[in-house]
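Trainee: Below is the structure I would like to discuss, written out as structure tokens.
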Amino acid sequence: MQTIGIIGTGIFGSALALTAVRAGNKVLCWDRKQDIIDSINQKHTNQRYLPNIPLPDDIRATNDLAKVFETAQIVLLTTSAQATREILEKIKPLLKADTILVFCAKGIEAQSGKMLSEIAQEIIPSTTLAILSGPGFAVDIAHKKLASVTIASQKEGVAKLLCETLGTPFFRPYTTTDIISPQIGGSVKNVIAIASGIVEGAQLGDGARAALITRGLAEMLRLAKVLGGSVNTMMGMCGLGDLVLTANCSQSRNFSFGYEIGVCGKAQKILQENTRTVEGIFTTQAVLKRAHELGIEMPICEIVSQILFEGLSIQTAMEKLMSRPYKDEGC
């Protein structure tokens, strides 16, 4: 039995902690918040994020980052994409030669337009990296509902090792050496999910939503291919699979956020009142920054950006998308 480190005890970090223990490991979580640490260690529950799910004794928590890296070779980083640069700077002096760092957040850095692996290459270039991404809501994973994900690493044997370490009858990982597609799929699908929610909230029809999701997949494929990703990977769990889930379900924060915009007709009021972490808001501009630099056309992402940040109405947005020049099918 080995110890898995988890940085961040939010809902996804807690669900992955449960998964790791079910796979036969111990878990040491890190968090800044003392109330969460006390709740995990003393009450064996994460009262803030998973209040109704008991946590086994093999899940412990600490506010000491160094202890996590002293104890665990495999460390899952579950803090938000926008906090990745800050946390990597903090853990840089703690990393060991054999540390495997697994990125579990989905998103692109808003300011730079960089993927998380690119940020890591700047700050911790010699560390072994992996990406965990795919369809699965944290609450469902915590409740042992079936989920499948993609685990990617460019280092030979690492993805297979992580599959064997984290896989259970309820949590099935697939492996790939393509670290680009899981990051692009996990990021862009949040933008498409906002758009899908808008279509649903505005009652534009199931056909319209199906068309939008399909063309959204084409945008994901287009960006991933230019960055070096694989079409085969994007058509798997971390691309198509994640898009199908996130763009079709009210449990998705991005979809439900978009739905509220669709009902309202404009985004400003919904943005002002939003208190949830909706990664697609940050990702929209980051994706477009990268797309513009590469000369890639991403019209759905463009429209979502205009709705969110330029006050574009839903009616005008749909007219702009539907009046685009006709073209051949495909990405």
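Please treat every number below as a calculation from the coordinates, not as lab data. These numbers were taken from a predicted model, which means no experiment stands behind them. No Cβ is skipped: glycine too gets one built from the backbone with ideal geometry, and neighbour counts run over all protein chains shown.
Trainee: Out of all DSSP beta bridges in the chain, what portion is antiparallel? Express it as a percent rounded to 5.
Mentor: Among the beta bridges of the chain, antiparallel pairing accounts for roughly 15 percent.
Trainee: Run the numbers for L146 and D328: contour at 0.36 nm per residue of separation, minus the present Cα-Cα distance, in nm.
Mentor: In short, 61.8 nm is gained.
Trainee: Just how far, in whole angstrom, is the stretch 101-149 from the stretch 229-259 if you go by their alpha carbon centroids?
Mentor: 14 Å
Trainee: Counting C-alpha atoms alone, how compact is the stretch 45-99: give Rg to one decimal and Dmax as a whole number, in angstrom.
Mentor: 13.3, 38
Trainee: Short version: what are the Cα gyration tensor semi-axes of the chain, square root of 5 times each eigenvalue, largest first, in whole Å?
Mentor: The three semi-axes for the chain are 34, 22, 18 Å.
Trainee: Right, here's the next one. Students often get this wrong, so check it: of K106/K160; K145/K189; K92/K114; K90/K266; K106/K327, which have C-alpha atoms separated by over 28 Å?
Mentor: Result: K90/K266; K106/K327 exceed 28 Å.
Trainee: What is the dipole size for the chain, taken about its Cα centre, with +1 at each Lys and Arg Cβ and -1 at each Asp and Glu Cβ, in debye to the nearest 20? Mind showing how you got there, number by number?
Mentor: Details: 33 positive and 31 negative charges, 58 e Å.
Dipole size: approximately 280 debye.
Trainee: Straight-line reach from K269: which aspartates and glutamates have a Cα under 19 Å away, not including same-chain ones fewer than 8 places off?
Mentor: Excluding near neighbours in sequence, the set is E200, E260, E279, E310.
Trainee: Still on this model: Take the alpha-carbon positions of the stretch 1-135, form their convex hull, and give its projected area averaged over all directions (one quarter of the hull surface) in nm².
Mentor: Taking the Cα atoms of the stretch 1-135, their convex hull projects to 8.0 nm² on average.
Trainee: Of A17, G280, Q315, which is farthest towards the positive pole of the chain's charge dipole, taken about the Cα centre with +1 and -1 on the beta-carbons of Lys, Arg and Asp, Glu respectively?
Mentor: Of the options given, the answer is A17.
Trainee: Within the stretch 276-331, which trypsin sites (Lys or Arg not before Pro) sit in a loop by DSSP and count at most 10 neighbouring Cβ atoms inside 10 Å?
Mentor: Qualifying residues, ordered by number: R276, K327.
Trainee: Something else about it: May I ask for the Kirkwood hydrodynamic radius of the stretch 202-331, worked out over all distinct Cα pairs and given in angstroms to one decimal?
Mentor: Computed over Cα pairs of the stretch 202-331, the Kirkwood hydrodynamic radius comes out at 15.5 Å.
Trainee: Skipping prolines and chain starts, which residues have an amide H placed within reach, meaning under 5 Å, of the one on K26, given they are 5 or more residues away or on another chain?
Mentor: Q2, T3, I4
Trainee: Now for a separate question. Would you mind calculating the relative contact order of the stretch 116-269 from Cα pairs under 8 angstrom and at least 6 residues apart, reporting the percent as a whole number?
Mentor: 27 percent
Trainee: Next question. What Kirkwood Rh does the stretch 77-137 have if only Cα atoms enter the pairwise 1/r average? Answer in Å. All intermediate terms of the calculation are to be shown ahead of the outcome.
Mentor: On the way: mean 1/r = 0.0839 Å⁻¹.
Value: 11.9 Å, from the Cα pair sum.
Trainee: Moving to a separate point now. If you stretched the chain out fully between Q203 and E273, how much longer would it get, using 0.36 nm times the residue separation minus the C-alpha to C-alpha distance?
Mentor: 23.0 nm
Trainee: Of all trypsin sites (Lys or Arg not before Pro) in the stretch 155-205, which ones are in loop regions per DSSP and have a Cβ with at most 16 other Cβ atoms within 10 Å?
Mentor: K155
Trainee: Next question. What's the ranking of 262-273, 75-86 by average number of surrounding C-beta atoms within 10 Å, highest first?
Mentor: By packing density, highest mean first, the sequence is 75-86, 262-273.
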